[in-house]
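The structure's right below; bear with me while I get my questions together.
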Amino acid sequence: DAWLVVRLEPTAVARALELPRLAPRVLRLDPALPIGYPRDLDLLVNTLPPDRHRGYAVQWFGLGATLIVIALVLTFRRSRR
């Protein structure tokens, strides 16, 4: 009787509910209902500008390159014994 939803496939949900198709909308509970957790109806758009995304990408690729260089240095370094 209950669904555990990780990801929704609109066609599968419509088929399970025996509907021709689902409307492309987001369903939200009424914040005035006394049950459940408090609800915030503000829609949050992607608040990061593209430059910030590029900055994070450069940061993570730089970290990856640094780790590869450290691994190579430690792998091929001659022992001083």
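Taking springs between alpha-carbon atoms closer than 10 angstrom, which of 50, 31, 20 fluctuates most in the Gaussian network model of the chain?
20
Still on this structure: Using label points projected 7 Å from each Cα along Cα→Cβ, tell me how many nm separate residue 33 and residue 76, to one decimal.
So the two model labels end up 6.2 nm from each other.
Using θ = phi - 60° and the Karplus form 6.51 cos²θ - 1.76 cosθ + 1.60, what ³J(HN,Hα) does each residue of region 31-37 get, whole Hz, x for Gly and Pro?
Values per residue, Gly and Pro as x: x, 7, 5, x, 9, x, 7 Hz.
Along the positive direction of the dipole of the chain (beta-carbon charges: Lys, Arg +1; Asp, Glu -1; about the Cα centre), which of 47, 12, 70 reaches farthest?
70
Taking each pair of different alpha-carbon atoms in the chain once, compute 1/r for the pair, average those values, and report the inverse of that mean as the Kirkwood hydrodynamic radius in Å to one decimal.
Final number for the Kirkwood radius of the chain is 19.0 Å.
How far is helix 50-76 tilted, in degrees, relative to the longest principal axis of the Cα atoms in the chain, given as a value from 0 to 90 rounded to the nearest 10?
The answer is roughly 40 degrees.
Applying 1/(1 + (r/R0)^6) with R0 = 35 Å to the Cβ-Cβ distance of residue 9 and residue 48, what FRET efficiency is obtained, to the nearest 0.05?
So the FRET efficiency works out to roughly 0.80.
Read the figures in this text as sums done on the coordinates, not as results from a lab. Bear in mind that the values here come from a model prediction, so they are computed numbers and not experimental data. Glycine also receives a Cβ, built like all others from the backbone with ideal geometry; neighbour counts cover every protein chain displayed.
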